[in-house]
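Structure first, then comments.
Every number in this text was worked out from the coordinates using simple rules, so none of it is lab data. Because the structure is a prediction, the values reported are computed rather than measured. Cβ atoms come from the backbone with ideal geometry, glycine included; neighbour counts cover every protein chain shown.
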Ligand code: GLN
C-alpha cells in the first residue's frame with residue numbers, strides 16, 4: 001500500500017487512518033519516501049522534518065489506539081510555507097537574512113494544524129518574503145513545476161504548490177498577498193484558496209503587507225481544501241484584524257457542489273489581449289459547463305480592476321518597506337561586519353545589503369519612495385483611493401451576481417528564467433488575483449483543464465463577498481465534479497512527469 005498512500009486525497013487518508021487500514025506513521029513514511037525520491041528534481045522543501053513528523057504521526061496512532069476522538073484530518077501530512085513560524089524548525093522566508101533563525105513560538109496556524117493531528121512534513125520554498133510569482137526570488141534556488149521541470153511552479157507559495165502536485169504531501173499551506181496561493185495552484189493544476197482577509201490568522205506569519213496577507217490551503221481536491229480551510233481558520237485574539245465570526249460552512253458547500261440558480265458574473269476586463277489562447281479556451285468552456293449545470297451566467301464590468309496592479313505595487317511595497325525594517329542585524333538571523341569596531345548603522349547596512357535579494361531591495365526602495373513626504377499623497381494616497389474604487393466595483397457586482405469568475409492567471413506556467421530580468425512581466429502573473437486581495441474578499445482557484453498549445457494546467461478563479469467563502473467552494477466543487485466526469489478522472493491523472 002505504501003506507494004499508493006501518496007496518491008490518496010486528504011479526506012481518504014484521514015479515513016484510512018481512522019479505520020486502521022494504515023497507520024499515520026505508515027502514511028507519513030510513504031510521503032517522506034516520496035520526498036526523498038522526487039526532491040532532487042522538484043526542490044519544493046527548504047527543510048524536511050522527518051523525525052518530528054514521525055513523532056507527530058505516532059501521537060495520532062496512540063490517540064487512535066486509546067479510542068480518543070480524531071479530527072477530520074488527523075494523520076494527514078502537510079507542507080508548510082516557510083513564512084509561518086515553527087518552534088521546532090527554522091523559518092527563513094526564502095531569505096538569507098533569516099538563515100539559521102529558529103522562531104521561539106509557533107504561529108497560530110501551526111498550532112491549529114498540530115492540534116488537528118495534521119502532520120507537518122517540513123517547510124516549503126518561496127519567493128523571498130513572498131515577493132514574486134515563480135519562487136525564482138528564493139535565496140535558496142527555485143522550485144520546479146512537477147508537470148514540466150523546466151517551468152516555474154508559480155509563486156510565491158510555489159514550494160507548497162509543487163509539493164502537493166508532486167504527491168509529496170496531499171495538503172499545503174500558502175499565503176496570498178497578491179495571488180500567491182491561487183496563481184501557483186493554477187499553474188500546478190491544483191486547488192488553492194485565498195480566504196476572506198482576517199478569516200485566517202496572521203499571528204506568527206512573517207509580515208509582507210499586513211493589510212493584504214492571508215494564509216490559506218492548497219490541495220488536490222476542492223473538498224480537501226475545504227477541510228483544511230476549516231481546520232486552520234477561525235477567530236484569533238492574537239491577530240487584531242482577525243474576524244470574530246463563525247467560519248463560513250466551506251466543507252458543507254464543497255459537498256453540496258451545486259450551482260443551479262446561482263448567478264455567476266464573468267469579469268469583462270479579464271480576457272483578450274495578453275491572455276494565452278488556450279487559457280481563454282478552457283475558461284470559456286467552463287463557463288458554458290456552469291451554465292449547463294443551471295447557473296445564470298452574465299458578463300459584469302468592473303472598470304477599476306485594470307488599475308489594481310499599479311495600486312497594489314504602491315500599497316504592498318509601502319507596507320513591506322515598513323515591515324522589513326525589523327531585519328536590522330540585531331534581532332534575527334544574519335549579522336555582517338560586526339567586528340567590534342563598526343557602528344550599529346554600518347552593521348545594519350552591511351547586513352541588509354548582503355541579506356536581502358534584488359527584488360526585496362527593489363520593493364523596499366519603491367515603498368520608501370511612495371511613503372516619503374512630498375510623494376505620500378500622490379502615490380500611496382492615490383493607490384488607497386483606487387483600492388476603495390475596486391472595493392466599490394465588487395460591491396456593485398455582488399448586487400447583481402452571487403460570485404464573479406475569471407481565469408486565475410493569464411498564462412500557463414512559464415519557463416524558468418523567462419521573466420527574471422523583466423519585473424513587469426513577472427508582476428502581470430497576478431493581474432486577475434490582486435483585486436480580491438485589495439478588497440479582502442474570498443477567492444479560490446480550481447483546475448479547469450489543460451491548454452492545448454502546451455499541455456499545461458489552467459486555473460479558473462471564483463470570487464465571492466467577504467465571509468461568503470462557502471460560495472467559492474460550491475462553484476469550484478460543482479465545476480470539479482462536472483469536469484472530472486468529462487475527463488473520466490481527476491486532472492492530475494493526466495499529468496505528465498512527476499505530477500503522476
Ligand atoms: N506576485 C505578487 C508579488 O510579488 C504577489 C505575492 C504574494 O501574494 N505574496 O507581490
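Remarks
- Listing 421, 469, 61, 41 from fewest to most neighbouring C-beta atoms within 10 Å gives 421, 41, 61, 469.
- Rounded D (µm²/s) - region 381-500, Kirkwood Rh over Cα pairs, Stokes-Einstein at 25 °C, 0.890 mPa s: 152
- Contact order normalised by residue count of the chain, Cα under 8 Å, 6+ apart, percent: 18
- Inter-label distance, nm, simple model (7 Å from Cα along the C-beta direction), residue 376/residue 55: 4.8
- q = 0.15, 0.22, 0.23 Å⁻¹: log10 I(q)/I(0) that the Debye formula gives for region 264-368, counting C-alpha atoms only: -0.76, -1.12, -1.17
- Helix-derived mean residue ellipticity, 222 nm - over the chain, DSSP H n ≥ 4, -39500 (n - 2.57), to 500: -12000 deg cm²/dmol
- Residue order, fewest to most beta carbons within 10 Å, for 194, 96: 96, 194
- Rg to Rh, two decimals, where the chain supplies the alpha carbon set and Rh follows Kirkwood: 0.96
- Between the alpha-carbon centres of region 178-255 and region 120-176 there is a gap of 17 Å.
- Across every pair of non-identical alpha carbons in region 371-429, the mean reciprocal distance, once inverted, gives a Kirkwood radius of 14.9 Å.
- Pair residue 292, residue 481: separation of 7 Å Cα→Cβ label points (nm): 1.6
- Footprinting exposure proxy ranking of 188, 448, 302, fewest other C-beta atoms within 10 angstrom first, gives 302, 448, 188.
- Residue-normalised convex hull volume from the C-alpha trace of region 47-171: 97 Å³ per residue.
- Estimated translational D of region 339-416 in µm²/s (Stokes, Kirkwood radius over Cα pairs; 37 °C; 0.692 mPa s): 191
- Once the Cβ-Cβ distance of residue 384 and residue 330 is raised to the sixth power relative to R0 = 51 Å, the FRET efficiency obtained is 0.95.
- Pairs of Cα atoms farther than 26 Å apart, region 95-241, %: 17
- Length-normalised contact order of region 362-500 in % [C-alpha pairs under 8 Å, at least 6 apart]: 21
- Sequence ranges 304-312, 163-171, 380-388, 12-20, ranked by mean other-Cβ count within 10 angstrom, highest first: 163-171, 304-312, 12-20, 380-388
- Annotation: the antiparallel percentage among DSSP beta bridges lying fully within the chain is about 65.
- Taking the Cα atoms of region 187-319, the ratio Rg/Rh between the radius of gyration and the Kirkwood radius comes to 0.99.
- Cα→Cβ-extended label distance, 7 Å offset, between residue 19 and residue 99, nm: 4.8
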